[in-house]
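Asker: Dumping the structure here so I can ask a few things about it.
The values are calculated or read from the model by the stated rules, or taken from the named source; none is laboratory data. Since this is a predicted model, take the numbers as computed values, not measurements. Cβ placement follows ideal geometry from the backbone for every residue including glycine, while neighbour counts extend to all protein chains displayed. All accessible areas refer to the heavy atoms of the entire protein, side chains included, with ligands and DNA or RNA removed. Shrake-Rupley method; radii C 1.70, N 1.55, O 1.52, S 1.80 Å.
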Amino acid sequence: MPIRLWHQSTTELRRDAPYSRALVRRAQHLFGDEVVVDTFGLPAGSYHGRSVSGANGNAFVYHRILDCVIDQAIEAERQGYDGFVIGSYSEPFLKEIRAAVDLPVTSILETTLLVGCSLGTKLAFITTSPNVVGMINKAVASHHMEARVAEVVSLDPPLEGPVLHGLFQDPQPLAESFERAAVRVLANGADVIIPAEGIIAIILTEGGMVRFHDAPVMDVFGVTWSYAVMLANLRTKAGIGVTRRGWYARPDIELIQLLAKR
């Protein structure tokens, strides 16, 4: 039986969208029939026509729109998935989800941080807009990994909304902008480059951008899914799972189960 991963996007992801199809292609290329990656997004209309990065820069909006991701993880466990992947650099409710479910939970941000430390000494995140820069810096601090991050920068000019999705038809402007940003971060001491937004990451990976000036450019989905597969195997074959002490403790499992039924 293949390992089944629930990949949760924070966009209103349609299965027939170019982004979703690109994710499926990448998973098939990496794993063949050994791993199934099912992609899920937020309900249509979640952002009321606003850009994802622009909306989620507000703490209230972030919480109100993205708290459904916790329910998605609970549903993934009910359906028997082997792992839940938070496929967003905003990393919504990672700790809360791990406290709620037993299946392995990985996030694209935490995973690329951890794996990046095995590839070099200083990481640089290149993202799409200044709004996302702030979210990534906050998440890096929550993992206490600031010492391993050279900097987090935005593409110039920023890329948001429909412009991002249009890059599937014409990726050249993205490649040129990304290379300009990569030159800057390498000059400032980075030696590992992480494309820190899903659409630009998959476009760059499919375009063959795996190294730049001898620095690795991370395949963020390949890395995160592979990490999720490792955790799934460790759980089933070695009995290794998330701690149930401290923040992830469950002193009242009945209350958790009651709240999970919503």
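Asker: Any chance you could count how many residues in segment 153-168 are within 19 Å of ILE136 (Cα to Cα) and either open to solvent by less than 30 Å² (accessible area, probe 1.4 Å) or touching a residue at least 24 places away in the same chain (Cβ under 8 Å) (or both)?
Answerer: Of the residues in that region, 9 qualify.
Asker: Here's something else I'd like to know. Regarding SER142, is this residue in contact with a Pro (Cβ under 7 Å, 6 or more places away or on another chain) and without any contact (Cβ under 8 Å) to a residue 60 or more places away in the chain?
Answerer: In short, no.
Asker: Another question, then. From the list ALA59, ALA76, ALA100, ALA44, exactly one residue is of a type in the set (A, V, I, L, M) and either touching a helix residue (DSSP H, G or I) at 6+ places or on another chain (Cβ under 8 Å) or under 12 Å from THR10 (Cβ atoms) (or both). Which is it?
Answerer: After ruling out the rest, the residue left standing is ALA100.
Asker: Pairs only if they're at least six apart or on different chains, beta carbon under 9 angstrom, first in segment 244-259 and among the aromatic types (Phe, Trp, Tyr), second outside any helix (DSSP H, G or I); list them, first residue then second.
Answerer: TYR248/VAL242
Okay, residues lined up against (1) modelled with pLDDT of 90 or more; (2) under 20 Å from the mean Cα position of the chain (by Cα); (3) buried (at least 18 other Cβ atoms within 10 Å of the Cβ); (4) hydrophobic (A, V, I, L, M, F, W, C):
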position: ILE136; (1), (2), (3), (4): yes, yes, yes, yes
position: HIS143; (1), (2), (3), (4): yes, yes, no, no
position: GLU151; (1), (2), (3), (4): yes, yes, no, no
position: ASP170; (1), (2), (3), (4): no, no, no, no
position: LEU186; (1), (2), (3), (4): yes, no, yes, yes
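Asker: If a residue must be closer than 27 Å to LEU114 by Cβ and over 23 Å from the mean Cα position of the chain (by Cα), how many such residues does segment 223-255 contain?
Answerer: The number of residues fulfilling the criteria is 9.
Asker: Only one of (1) out of contact with any Asp or Glu (no Cβ under 6 Å at 6 or more places or on another chain); (2) open to solvent by 10 Å² or more (accessible area, probe 1.4 Å) is not met by ILE108, so which one is it?
Answerer: Single failed check for ILE108: (2).
Asker: I've got another one for you. Would segment 30-49 turn up any residue that is more than 18 Å from THR106 (Cβ to Cβ), β-branched (Val, Ile, Thr) and either touching a Gly at 6+ places or on another chain (Cβ under 6 Å) or surrounded by 13 or more Cβ atoms within 10 Å (Cβ to Cβ) (or both)?
Answerer: No, because not a single residue in segment 30-49 is more than 18 Å from THR106 (Cβ to Cβ), β-branched (Val, Ile, Thr) and either touching a Gly at 6+ places or on another chain (Cβ under 6 Å) or surrounded by 13 or more Cβ atoms within 10 Å (Cβ to Cβ) (or both).
Asker: What residue, among those in segment 230-255 that are assigned to a helix (DSSP H, G or I) and charged (D, E, K, R), is farthest from PHE31 (Cα to Cα)? Quick ask: steps written out before the conclusion?
Answerer: Looking only at segment 230-255, we keep the residues that are assigned to a helix (DSSP H, G or I), and these are 230-238, 246-248, 253-255.
When the remaining residues are screened for being charged (D, E, K, R), the result is 235, 237, 254.
Numbers: ARG235: 19, LYS237: 19, GLU254: 38 Å.
Ranking the qualifying residues of segment 230-255, first place goes to GLU254.
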